[in-house]
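Asker: Shown below is the structure under consideration.
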Amino acid sequence: MRPDKDRPSAEWIASLRRKFPTEPQIDQILTRKMERRAGPGYAPVSLDALKQGLHSLIGSQIQSRFSITNTRWLSGGASKIQMAFDLDWERPGVGRETTGMVLRMEPAESIVATSRVREFQLIRAVRDIVPVPPVFWFDANGEHLPYPALVYGMMPGVTKPSNTNTRVSGLGTLLAPQMREKLAPQFIEHLARIHSLDYRTADLTEFTAPAPGLQCAEWGVNWWERVWEEDSDEDIPMIRLAAAWLRRNMPVMDRPSIVHSDYRVGNFLFTEDDMRITALLDWELGRIGDRHQDIAWTTSRTFGGLDADGKTFLVCNLISEPAFYDAYEAAAGLPIDRRTVKWYQVYNNFSIAVLVYATGYRVARNGKTHQDVLVSWLMGIGGVVLEQMREQIEGGC
Amino acid sequence: MQMRPQIQINSMIKAMTDVVIPAIDSSNQLALEQSKLVVGMLDLMAQQLPFQFRFDRDELKRLATVAQKLEAIADADPKFGGPRRQLQASRISASALLDQCAVDPAQLEGSIRELREMIGAVVTAIGSGDNAKQIAQGEACILDMTREQTLRDRALLVAQGWELDPGALPPIDELLKEAE
């Protein structure tokens, strides 16, 4: 009998957990998502209600007097609700100050199910080696706020030049040559530093490193194939083909690294006066895994564009692909295996296709997010992603 | 084609209701009224869409019936000869079209979904087996189908701006004409 995906039974959830073993914490996140699936859709939350929840969260963390002002909505981010605010407080080590902050809260069900605690830990883990926003507090289970949330510091900068038009989510951001020259080296250097960090020295209790060998790739394929089973409506034979292909061609992980998993233009802030990257954002999909996943993601056709000559592909509209590889290898001191990059290109497109076609459909249909219209809009990229995946598989790896 | 009008319309209504309308200055009555009309119109479209094809088919069927009756009435009088002949030609054409429109679009969509699912199951079974020849043949079959289908999916949604080189895509009407 066909499962009711909008009201999943405990037996069906258990069967998916058995069929698709993955990183234990990812299993918990997906299981929680499914256990809450039949619950109500997303109901609009007022700024005042969020302010109250924040007051409760911050009050549980600090003892001194504080006040929250200037609450306002932020746009951007298809997956999380974001509210900016100012906190007047006694900042440890600094003293009394007003700090600009951002509340990042999940909707009833997100286009990507992730954990605020993992996001918190990952940002803390890399804060000494790359620019990231300071993270302050999290509400892991929505005890203070309507849904689980994270509070981090507001950083200066923009995700795209002020005088440009781009598509949603920062995709297709156009950058002038003089901007690229300054941003590209930093962009690559930061990625190299993330991958070179010894993750074992960081407090990453919410992560499990895959065992050497194939487990990293296998956990990844299981993760997204499980999400496909959980969320999809209309089947797509190409997704089935890709899943089988990925399993038959899994690469061995040579060295576990922290993987950002969404490292691209649109996910970092830079200041326009000096072209300095001030913060790497959106760590929610990060895991301990194979650095080639990030390299394949960053070099994806989806996030880049053609140079003025109409031929040269620019990685994230910043730098040509050969130059990107050379600069990364020099900065990280780690080799890039082109076969593994190709495998992860298929893997990444597989995950995007699952997110936009399956989860995007499911959450928008059930009215689960604050941005159903954006999530529905993003489904339109699915054809481009499937076509890339087809070409990549046909090309072999 | 997962991105169908029903889900698009519902998400637009939600965006208008939850975000846009509450943000409109209450003194701007014109903007408030227009926004509510947009929601009402979208809601009406959502209700209309599933019935649109059957509604048109029903109307054409009744028009054809009336046309036949009028042909009989006009049959005896020579002064109606020209219009009667034109009406008869149109009615015959309409009846032929009605025969071709026997299937409801929802049935068509249902059949697409069913076949996708069945093909997917076989692809999974072949792909997880160990017969290299079968795997290669099955993959070639699906990769070819995907090439043609994604071409149409992308052409249909080209206005969204996802394409690196949108000019390289054939227009959707040309692609659909090929199949017809």
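The numbers here are math on the coordinates, done by the rules we state, and not lab data. Just so it is clear, the structure is predicted and the values come from calculations on it, not from any experiment. Heads up, the Cβs are rebuilt from the backbone with ideal geometry, glycines too, and the neighbour counts pull from every protein chain shown.
Asker: What number of residues within region B:1-42 are within 14 Å of chain A (Cβ to nearest Cβ) and either surrounded by fewer than 14 Cβ atoms within 10 Å (Cβ to Cβ) or among the charged types (D, E, K, R) (or both)?
Answerer: Selection size over region B:1-42: 7.
Asker: With the condition kept exactly as written, say whether any residue in region A:19-41 is among the acidic types (Asp, Glu), assigned to a loop (DSSP other than H, G, I, E, B), closer than 22 Å to A:Tyr357 by Cβ and touching a residue at least 12 places away in the same chain (Cβ under 8 Å). Working first, answer last.
Answerer: The first filter runs over region A:19-41 and keeps only residues among the acidic types (Asp, Glu), leaving A:23, A:27, A:35.
Pick out the ones that are also assigned to a loop (DSSP other than H, G, I, E, B) and you get A:23.
In the following step, the residues that additionally are closer than 22 Å to A:Tyr357 by Cβ were identified as none.
No, because not a single residue in region A:19-41 is among the acidic types (Asp, Glu), assigned to a loop (DSSP other than H, G, I, E, B), closer than 22 Å to A:Tyr357 by Cβ and touching a residue at least 12 places away in the same chain (Cβ under 8 Å).
Asker: Please work out if A:Ala211 is within 20 Å of A:Trp343 (Cα to Cα), more than 21 Å from the chain's Cα centre (by Cα) and free of Cβ contacts under 8 Å to residues at least 40 places away in the same chain.
Answerer: yes
Asker: Just to confirm my filter: which strands (runs of 3 or more DSSP E) fall fully inside region A:260-341 and include at least 3 residues that are in contact (Cβ under 8 Å) with a residue 24 or more places away in the chain? Full working, then the answer.
Answerer: On the way: elements: A:268-271, A:276-280, A:287-290, A:313-315.
In region A:260-341, the matching strands (runs of 3 or more DSSP E) lie at A:268-271, A:276-280, A:287-290.
Asker: Right, here's the next one. What about A:Ser75, is it surrounded by 14 or more Cβ atoms within 10 Å (Cβ to Cβ) and either of a type in the set (S, T, N, Q) or touching a residue at least 24 places away in the same chain (Cβ under 8 Å) (or both)? First the steps, then the outcome.
Answerer: Details: surrounded by 14 or more Cβ atoms within 10 Å (Cβ to Cβ): no; either of a type in the set (S, T, N, Q) or touching a residue at least 24 places away in the same chain (Cβ under 8 Å) (or both): yes.
So A:Ser75 fails the test.
Asker: Are any residues in region A:46-72 small (Gly, Ala, Ser) and either under 27 Å from A:Leu378 (Cβ atoms) or surrounded by fewer than 16 Cβ atoms within 10 Å (Cβ to Cβ) (or both), and if so, which ones?
Answerer: Applying the first criterion (small (Gly, Ala, Ser)) to region A:46-72 yields A:46, A:49, A:53, A:56, A:59-60, A:64, A:67.
The answer is A:Ser46, A:Ala49, A:Ser56, A:Gly59, A:Ser60, A:Ser64, A:Ser67.
Asker: Hey, another quick one. Give the residues of region A:345-397 that are part of a helix (DSSP H, G or I), more than 8 Å from chain B (Cβ to nearest Cβ) and among the charged types (D, E, K, R), sorted by residue number.
Answerer: Once the filter is applied, which keeps residues that are part of a helix (DSSP H, G or I), more than 8 Å from chain B (Cβ to nearest Cβ) and among the charged types (D, E, K, R), region A:345-397 yields A:Arg362, A:Glu391.
Asker: Have a look at B:Gln160, B:Gln137, B:Gln107 and point out the one that is more than 30 Å from B:Lys69 (Cβ to Cβ) and either touching a residue at least 24 places away in the same chain (Cβ under 8 Å) or within 9 Å of chain A (Cβ to nearest Cβ) (or both). Write out each step before concluding.
Answerer: Values: B:Gln137 fails: either touching a residue at least 24 places away in the same chain (Cβ under 8 Å) or within 9 Å of chain A (Cβ to nearest Cβ) (or both); B:Gln107 fails: either touching a residue at least 24 places away in the same chain (Cβ under 8 Å) or within 9 Å of chain A (Cβ to nearest Cβ) (or both).
Only one candidate passes the filter, namely B:Gln160.
Asker: Right, here's the next one. If you go through region B:166-174 one residue at a time, do you hit one that is in contact with a helix residue (DSSP H, G or I) (Cβ under 7 Å, 6 or more places away or on another chain), assigned to a helix (DSSP H, G or I) and within 11 Å of another protein chain (Cβ to nearest Cβ)?
Answerer: Taking every residue of region B:166-174 in turn, at least one turns out to be in contact with a helix residue (DSSP H, G or I) (Cβ under 7 Å, 6 or more places away or on another chain), assigned to a helix (DSSP H, G or I) and within 11 Å of another protein chain (Cβ to nearest Cβ).
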